[in-house]
Amino acid sequence: MTNPFDRPSAVFASVSIAVIGWAVFMGMPILVGALIDTRGFSEEQAGYIASADLGGMFIASIFVSSLINKINRRHWVLAGALITIFANFFSSDIDQFGDMLAIRVVAGFGSGLCYTLALANLSATSDTAKSFSFLIFTFVAVNSVELFTLPRIADAYGVSGIFYAFIAVNIICLCVYPLLPVQEQSDSSVVAEGQEAGEEASQAGEGFPNSPLDAGLRR
């Protein structure tokens, strides 16, 4: 059975979504500095806000890991992108520490959904080493671009400009998420079914007689 996660379009979408989901973390130093300079938050408060983003991602990772076999990944990537877009939109107009803390947890949760689901899709490919090599290469390239552009955006538009930049890149998720495979069954159930089918074929004498394994067993 052909693995739908191996399609080049699916790998491209998963890598793109993973990088976008992790974009806030890569740009966190610039975001923290902009919160202090343009919103008047203290260094301690800015640190708490940064932790709120990561806390939201942590909650999302627990959610995904516990329900990965029961949820439609494509639908939840869409939900994560929309949550992130709206949370960043509201973040652009918040000056109160408590409100900003709460909305950044929500934003982190949305980003975390996209990131963890994209990683799950990449881990479901047949050649995970190759898929994650693409991901690491893209991380490095995008991180370089982000660290170059975000300070200039912050200087020109303040921290609101950074939040709008996060909105813009998450719109890319909305464009590429349809490329993700529709996988109604869990990966584990697909693998189990494949193993069961192989055992049945072997018992029926319809295995793979020319394989090295069968040749070794015949000896």
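The values are calculated or read from the model by the stated rules, or taken from the named source; none is laboratory data. Since this is a predicted model, take the numbers as computed values, not measurements. Here the Cβ is made from the backbone with ideal geometry for all residues, glycine too, and neighbour counts use every protein chain on show.
I'd like the full set of residues that are of a type in the set (S, T, N, Q) and either in contact with a His (Cβ under 9 Å, 6 or more places away or on another chain) or assigned to a helix (DSSP H, G or I) (or both), limited to the stretch 109-167.
Narrowing the stretch 109-167 to residues of a type in the set (S, T, N, Q): 111, 116, 121, 123, 125-126, 128, 131, 133, 138, 143-144, 149, 160.
Answer for the stretch 109-167, where residues must be of a type in the set (S, T, N, Q) and either in contact with a His (Cβ under 9 Å, 6 or more places away or on another chain) or assigned to a helix (DSSP H, G or I) (or both): Ser111, Thr116, Asn121, Ser123, Thr128, Ser131, Ser133, Thr138, Asn143, Ser144, Thr149, Ser160.
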Can you tell me which residue is nearest to Ala102 (Cα to Cα) among those in the stretch 32-69 that are surrounded by 14 or more Cβ atoms within 10 Å (Cβ to Cβ) and either of a type in the set (Asp, Glu) or without any contact (Cβ under 8 Å) to a residue 12 or more places away in the chain (or both)?
Asp53
Residue list for the stretch 130-172, filter: closer than 25 Å to Phe5 by Cβ and in contact with a Phe, Trp or Tyr (Cβ under 8 Å, 6 or more places away or on another chain)
Phe139
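Condition check: at pLDDT 95 or above and farther than 20 Å from Ser66 by Cα. Does Ala129 satisfy that? Quick ask: steps written out before the conclusion?
Details: at pLDDT 95 or above: no; farther than 20 Å from Ser66 by Cα: yes.
Answer is no for this residue.
For the stretch 73-102, what are the residues that are of a type in the set (A, V, I, L, M, F, W, C) and surrounded by 24 or more Cβ atoms within 10 Å (Cβ to Cβ)?
We begin by selecting, within the stretch 73-102, every residue of a type in the set (A, V, I, L, M, F, W, C); these are 76-79, 81-83, 85-87, 89-90, 94, 97, 100-102.
Within the stretch 73-102, Val77, Ala81, Ala87 meet the criteria.
Please count how many residues of the stretch 37-67 are closer than 14 Å to Ala118 by Cβ and over 13 Å from the mean Cα position of the chain (by Cα). Before you say what the answer is, go through the steps one by one.
Let us first name the residues in the stretch 37-67 that are closer than 14 Å to Ala118 by Cβ, namely 57, 60-61, 64-65.
From what's left, over 13 Å from the mean Cα position of the chain (by Cα): none.
Looking only at that region, the number is 0.
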Leu78 passes all but one of (1) out of contact with any Cys (no Cβ under 9 Å at 6 or more places or on another chain); (2) touching a residue at least 12 places away in the same chain (Cβ under 8 Å); (3) in a helix (DSSP H, G or I); (4) over 24 Å from Ala46 (Cα atoms); which number fails?
(1)
Among the residues of the stretch 4-22, which ones are farther than 17 Å from Thr128 by Cα and surrounded by fewer than 23 Cβ atoms within 10 Å (Cβ to Cβ)?
Trp22
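From the residues in the stretch 103-150 that are aliphatic (A, V, I, L, M) and surrounded by fewer than 15 Cβ atoms within 10 Å (Cβ to Cβ), which one is farthest from Arg73 (Cα to Cα)?
Here is the first cut: in the stretch 103-150, the residues aliphatic (A, V, I, L, M) are 103, 105-107, 113, 117-120, 122, 124, 129, 135-136, 140-142, 145, 147, 150.
Narrowing further to those that are surrounded by fewer than 15 Cβ atoms within 10 Å (Cβ to Cβ): 129, 136, 140-141, 145, 147.
On the way: Ala129: 21, Ile136: 22, Val140: 26, Ala141: 26, Val145: 28, Leu147: 30 Å.
Checking each candidate, the answer is Leu147.
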